[in-house]
Each structure stands twice: as structure tokens, then as C-alpha cells.
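First up is the structure itself, then whatever we jot down about it.
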Amino acid sequence: MSQPTSPTVVLVHGAFADASGFGGVIRELRTAGHTVIAPPNPLRSLAFDAASVASLVAAIDGPVVLVGHSYGGAVITQASAGLDNVTGLVYLAAFGLDNGESCAGVQQPFPPSLLASTSRPTAYDAPGAPSGPDLYIERDRFRETFCADVPVDVADIMFATQRPLSLAALTENATAAGWKTKPSWYLVSEHDNAIPPEAERFMAQRMGADTKSIDGSHTAFIAQPVAVASFITEAINKS
């Protein structure tokens, strides 16, 4: 089988969401002729989630550009380290962790985000996670925390369908960092209430990423799919 000349784009969603949020971005990329896959991210533990994505990507014939949003950035960071067919990493308001670092830990030097006070643990242990509860965002402040630039009715649906993240995934340390050997791009959300924008800029600078900013919330890719698809296309064209 001949290899595609253009990379396959694999979109990895983050916590409190599913892959359907990439709908607008997928539409734009597919219209431009790109092959796009948006698999489910289990949100159980960093090692498990990265292994899940790595298995899928390893089975793709040809080059791949991995795109991660939020916690999905931590997943693509670890998953990509051992994948020769990954030619670029794109971070959308996402975690670009270093070895021995967790999503919770990398934010410690910065002022806490709104998410720190609006997320709640479940009363039960997270199914399938190593230990501890799941985390979810409370209803009253879900839109403000997560998706302030989408219409209220859309935010209501996003709240109702949110997928919790296990606390174990948030606190588990990364064991590999693909950005150390692969080119990266980072889109900072300037009005992010889930990850401090200062933390995003720190991670982008540390990895030497080609960095731009967008005037939007944590899920700016939902409200501004054309702009975000354009940013991803830059990485596709340079990978």
C-alpha cells in the first residue's frame, strides 16, 4: 500500500469532553482534503490513555500529526515519544509535560485557574482508574470555566455530556516527552479559565514550539474552528 503524501491528523480530546467537540475543525480539515481521525480518549490514567492512542497511531500507514487539547496534550506528549511516524505535535491550550511531571504539578508555579475551584470529585472511585475518584465540573460554572465563548444552549449540552477525568490521570507523572525530538506547535487560549494562560506560554516556550495566541476560551477550537484548523494546517504543511 502506498503511503499518503499528506499526514493523517489525529485529534485527541481532553477532560470533561469527547471527540465530538472537534466537529467544526474536522469539517474544515476534511474540506481541505486532509484525512482526520478523532478517537476516544479513555481519561483513566496517563499511561493507559497514552498507550491507547499510541496503539492507534502505530497502526496508521504513513505520517501522522498528533493534535491534543488540554489533557489530550499530555497524552500525545507521552504517546508520541516512541512513534517514528509522528511528524508533528500540535497543542491546543494543552499540557506539554516533561519527564516526571504531572498535569497538576506543572501548574503549581502559576495562579490557580477557575477550574481549581469549580471541579468536584465523585463520591465513588473512578471505574478503570488506578485509584481515587473521577473529577467533573459543577453545573453552575461549567460554561464560565470551560467554554465561555460558545452559546449557552451548546454549553448546556456540553455540561450534560461531559466525560469525567480520573484524579489519577491528573496527578500521574509523564514518563516520556515526544516534543523533545519532534517539532511542535502551540495555540495559547488567552481567556482560558481551565489552564492558566501563563502556564500554557511556559510549556510552549520550554518545548520551543511555534506559538500563536487565540482570543478565546479553553475550548476556542469549538467557537473558532476555522482559525484553529488554519493553525493545524500550518503544522501539516511543515511536518
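Observations on the structure shown:
- Between Thr118, Pro63, Leu89, the Cα set farthest toward the positive side of the dipole of segment 1-146 (charges on each charged residue's Cβ, about the Cα centre) is that of Thr118.
- Crossing angle, helix 225-238 versus the chain [Cα axis fit, 0-90 degrees, rounded to tens]: 40
- 15 Å beta-carbon shell around Pro109, net charge (K/R +1, D/E -1): -2
- Placing +1 on the Cβ of every Lys and Arg and -1 on the Cβ of every Asp and Glu, with nothing else charged, gives segment 181-239 a dipole about its Cα centre of roughly 280 debye.
- Per residue of the chain, the DSSP helices (runs of n ≥ 4 H) give a summed -39500 (n - 2.57) that works out to -9500 deg cm²/dmol at 222 nm.
- Surface composition of the chain: carbon and sulfur atoms hold 54% of the protein heavy-atom accessible area at a 1.4 Å probe.
- Solvent-accessible area of Thr35 with every protein chain in place, 1.4 Å probe, in Å² to the nearest 10: 80
- Between helix 71-80 and the chain: long-axis angle, C-alpha atoms, 0 to 90°, nearest 10: 40
- Cα-based helix-to-principal-axis angle, 197-206 vs the chain, degrees rounded to 10: 30
- Charge dipole of segment 58-151 (Cα centre as origin; +1 on each Lys and Arg Cβ, -1 on each Asp and Glu Cβ, all else neutral): 240 debye, rounded to the nearest 20.
- Using heavy atoms of the protein chains and a probe of 1.4 Å, the accessible area assigned to Asp125 is about 110 Å².
- Overall shape: prolate for segment 9-144, with the ratio a/c of the largest to smallest alpha carbon gyration tensor axis at 1.5 or above and a/b above b/c.
- When you restrict to C-alpha pairs under 8 Å that are six or more residues apart and normalise by the size of the chain, the relative contact order lands at 25 percent.
- Taking a Cβ cut-off of under 15 Å around Lys180, the surrounding Lys, Arg, Asp and Glu residues balance to a net charge of -1, with basic ones at +1 and acidic ones at -1.
The values are calculated or read from the model by the stated rules, or taken from the named source; none is laboratory data. This structure is a prediction, so every number in the text was calculated from the model and none was measured. Because the Cβ atoms are built from the backbone with ideal geometry, glycine has one as well, and the counts that use them run over all protein chains shown. The area values use the complete protein model at the heavy-atom level, side chains included, leaving out ligands, DNA and RNA. Shrake-Rupley method; radii C 1.70, N 1.55, O 1.52, S 1.80 Å.
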